[in-house]
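Participant: There's a structure below that I have some questions on.
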Amino acid sequence: MPFKILTLNNIALAGLRRFPRERYEVASDITRPDGVLLRSHNMHGMEIPASVQAVARAGAGVNNIPVDTLSERGVPVFNTPGANANAVKELVLAGLFLAARNLIPAADYVRKLDGTDAELSKAVEAGKKQFVGFELPTRTLGVVGLGAIGVEVANAALGLDMQVIGYDPKITVQRAWQMSRGVEKAVNLDDLFTRADVVTVHTPLNDDTRSLINRDRLKLLPRNSVLLNFAREGVVDVDAVIEALDAGQLSHYVTDFPTTRLKEHPKAICLPHLGASTREAEENCAVMAAESLKEYLEQGNIRNSVNFPEAVLPRDRPDRLAIPHLNVPNMVAQILSSVATENINVSDMLNVSRGGLSYTVVDLDGPASEETLQRIRDVKGILSVRVVPVIES
Ligand code: 3PG
């Protein structure tokens, strides 16, 4: 103590305040941090100090974090699912309206007009026919990815009287509960693209979703469709989008991820990654990320991790070991027999797994010696062993 938290982006004060000053040192220039707190800073290629025990992303996407490398080191990566969902939903709806009513060129048209008020009014009436748009109840919205954000967007679009179809092969029970019954389930992605005329994408970027929106899928859309991407650039094949805009398959591409070609394209509306940039979302994300980090460092509990399972064991004893390890046979037995060698009683324990990773929390009736800790560390498949400190409140 104190714990050291390295911040790699500006983090909302409401989140930073969650770290009591008597127990935490929080700064952007810490050399041996226990925890890392960030937003979109790119950690790939960064040398991550061996002292790091947890990384928390104040936001949803974790493609800026080397999650696999951290998993191999037994380091949980946290994110803040849902904390910025409302902010992103509102921007997606704004993007939809910008496209449907041609608002960007229309506002540009007015800004460029010269003359008196009377001349202006004449030009306004003469020019408006170029910007005729469409209304949402005549359209079908296809939502690709039904996580916290996708579900909010789908429900909101129903509220605007759109027809809504969604696709997510990995939808969770929690998100399914949150989703309005009016959202129709697409059989697969091609089915969604065949039936939608506005598509919005809300998947994380990973090997399964890279270039999910590609040339073949865009061809399934009716002419003059709209594509919205407030997820990640790589989910969409940008070359294919530009071809679809040029060919008239797409009337608009609205995105938070500009590229040099897109920002010059007359049918692309590019925003500067504004999805989560509201005061409310920044605070929600910062608070949630700080709480996850704190709970892990102080209690060894895991909530909202993208690589480790949820693991919460109420604590009523001081001596707790937190042990991330591979999900392979005989790990718990070896941990327990290491402890038994020192004749310490195990008063409580938890073992949970997710994919190839497991996490074991062991509460002991006394402190384990350095030899016992080393014996556990030496077990093949153990990724790290941490004595969870006792916090005096
Ligand atoms: C997210 O992944 O939550 C959003 O892309 C927001 O990113 P930001 O925190 O950098 O604004």
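Participant: Hey, how many Å between the Cα centroid of the stretch 174-206 and the Cα centroid of the stretch 325-393?
Facilitator: 42 Å
Participant: Name the long-range amide H neighbours of Val199: under 5 Å, sequence gap of 5 or more, or other chain; modelled H, no Pro or chain starts.
Facilitator: Excluding prolines and chain starts, which carry no amide H, the hits are Gly142, Val226, Leu227, Leu228.
Participant: Just want the ordering: Thr260, Thr255, from fewest to most Cβ atoms lying within 10 Å of their own Cβ.
Facilitator: With the sparsest Cβ surroundings first, the list reads Thr260, Thr255.
Participant: Convert each backbone phi in the stretch 190-206 into a coupling constant with the Karplus relation 6.51 cos²θ - 1.76 cosθ + 1.60 (shift: θ = phi - 60°), then list the ³J(HN,Hα) values in order as whole Hz, x for Gly and Pro.
Facilitator: Once rounded to whole Hz, the list reads 5, 4, 4, 5, 6, 9, 8, 10, 10, 10, 10, 10, 9, 10, x, 8, 8.
Participant: Sticking with this structure for a sec: Would you mind ranking Lys170, Lys4 so that the residue whose beta carbon has the fewest other beta carbons within 10 Å leads the list?
Facilitator: Lys170, Lys4
Participant: Net charge near Ala244: determine it from the other residues with C-beta under 9 Å of the C-beta of Ala244, scoring Lys and Arg +1 and Asp and Glu -1.
Facilitator: Here the count lands on 0.
Participant: Sticking with this structure for a sec: Per the Cauchy relation, a quarter of the hull surface: what is the mean projected area of the convex hull of the alpha carbons in the chain, in nm²?
Facilitator: For the chain, averaging the hull's shadow over all directions gives 23.4 nm².
Participant: Say R0 is 25 Å: what FRET efficiency, to the nearest 0.05, do Lys170 and Arg215 get from their beta-carbon distance? Mind showing how you got there, number by number?
Facilitator: Details: r = 24 Å, r/R0 = 0.97.
Between Lys170 and Arg215 the formula returns 0.55.
Participant: If the cut-off is a Cα-Cα distance under 13 Å, which aspartates and glutamates reach Lys122, setting aside same-chain residues fewer than 8 apart in sequence?
Facilitator: Here the aspartates and glutamates satisfying the reach criterion relative to Lys122 are Asp114.
Participant: Give a residue-ordered list of calculated ³J(HN,Hα) values for the stretch 207-218 (Karplus: 6.51 cos²θ - 1.76 cosθ + 1.60, θ = phi - 60°; whole Hz; x for Gly, Pro).
Facilitator: 4, 6, 10, 4, 6, 4, 9, 10, 3, 5, 6, 4
Participant: If you don't mind, another one. How long is the gain from Leu113 to Val312 if the chain were fully straight, where each residue apart is worth 0.36 nm and the alpha carbon distance is subtracted?
Facilitator: Extra length available between Leu113 and Val312 comes to 65.4 nm.
Participant: Continuing with the same structure: How big is the stretch 290-393 by the Kirkwood estimate over distinct Cα pairs, in Å?
Facilitator: 13.8 Å
Participant: Ordered by residue, what ³J(HN,Hα) values in Hz, to whole numbers, does the stretch 126-138 give under the Karplus form 6.51 cos²θ - 1.76 cosθ + 1.60, where θ = phi - 60° and Gly and Pro are x?
Facilitator: 6, x, 5, 5, 5, 10, 4, x, 9, 9, 5, x, 7
Participant: Kindly provide the helix-only [θ] at 222 nm of the chain, computed as the sum of -39,500 (n - 2.57) over DSSP H runs of four or more divided by all residues, to the nearest 500 deg cm²/dmol?
Facilitator: -9500 deg cm²/dmol
Participant: Separate question: Go through Lys185/Lys219; Lys89/Lys170; Lys89/Lys185; Lys4/Lys380; Lys129/Lys267 and tell me which ones have a Cα-Cα distance over 24 Å in this structure.
Facilitator: Over 24 Å apart, Cα to Cα: Lys4/Lys380.
Participant: What ranking do Leu364, Leu293 get, fewest neighbouring Cβ atoms within 10 angstrom at the top?
Facilitator: So the residues, fewest neighbours to most, are Leu364, Leu293.
Participant: Provide Rg and Dmax in Å for the stretch 1-107, with only Cα atoms included in the calculation.
Facilitator: Expressed in Å, the Cα Rg and Dmax of the stretch 1-107 come to 17.7, 58.
Participant: For the stretch 281-346, what is the convex hull (Cα atoms) projected area averaged across all directions, in square nanometres? Please list the in-between numbers first.
Facilitator: Numbers: hull surface 22.5 nm².
Hull-based average projected area comes out at 5.6 nm².
Participant: What are the semi-axes of the equivalent ellipsoid for the stretch 60-115, taken as the square roots of 5 times the Cα gyration tensor eigenvalues, largest first, in whole Å?
Facilitator: One finds semi-axes of 43, 13, 8 Å for the stretch 60-115.
Participant: Quick one: work out the % antiparallel among DSSP beta bridges in the chain, nearest 5.
Facilitator: Looking only at bridges with both residues in the chain, the antiparallel portion is about 35 percent.
Participant: Amide H of Glu184: which non-local residues (sequence gap of 5 or more, or other chain) have their own amide H closer than 5 Å, using H built in the peptide plane?
Facilitator: Those qualifying (amide H under 5 Å, at least 5 residues apart or on another chain) are Val164, Ile165, Gly166.
Participant: Cut-off 10 angstrom, C-alpha nodes, Gaussian network model of the chain. Which of Gly234, Gly355, Gly61 fluctuates the most?
Facilitator: Gly355
Participant: Viscosity 1.002 mPa s, temperature 20 °C: give me the Stokes-Einstein translational D for the stretch 149-226 in µm²/s, with Rh taken as the Kirkwood radius over C-alpha pairs.
Facilitator: Working: Rh = 13.3 Å.
Translational diffusion coefficient: 162 µm²/s.
Participant: Oh, and also: Which residue fluctuates most in the GNM of the chain (Cα springs below 10 Å): Ala333, Ala290, Ala322?
Facilitator: Maximum among the listed residues: Ala333.
Participant: Collect residues whose amide H, placed 1.01 Å from N in the peptide plane, falls under 5 Å from the amide H of Ser211; neighbours closer than 5 in sequence don't count.
Facilitator: Sorted by chain and number, the residues that satisfy this are Val235, Val236.
Quick note: the coordinates plus some simple rules give every number you see, no bench work behind them. In this text, all values refer to a predicted model and were calculated from it rather than measured experimentally. So basically every Cβ, Gly included, is an ideal-geometry build from the backbone, and we count neighbours across all protein chains shown.
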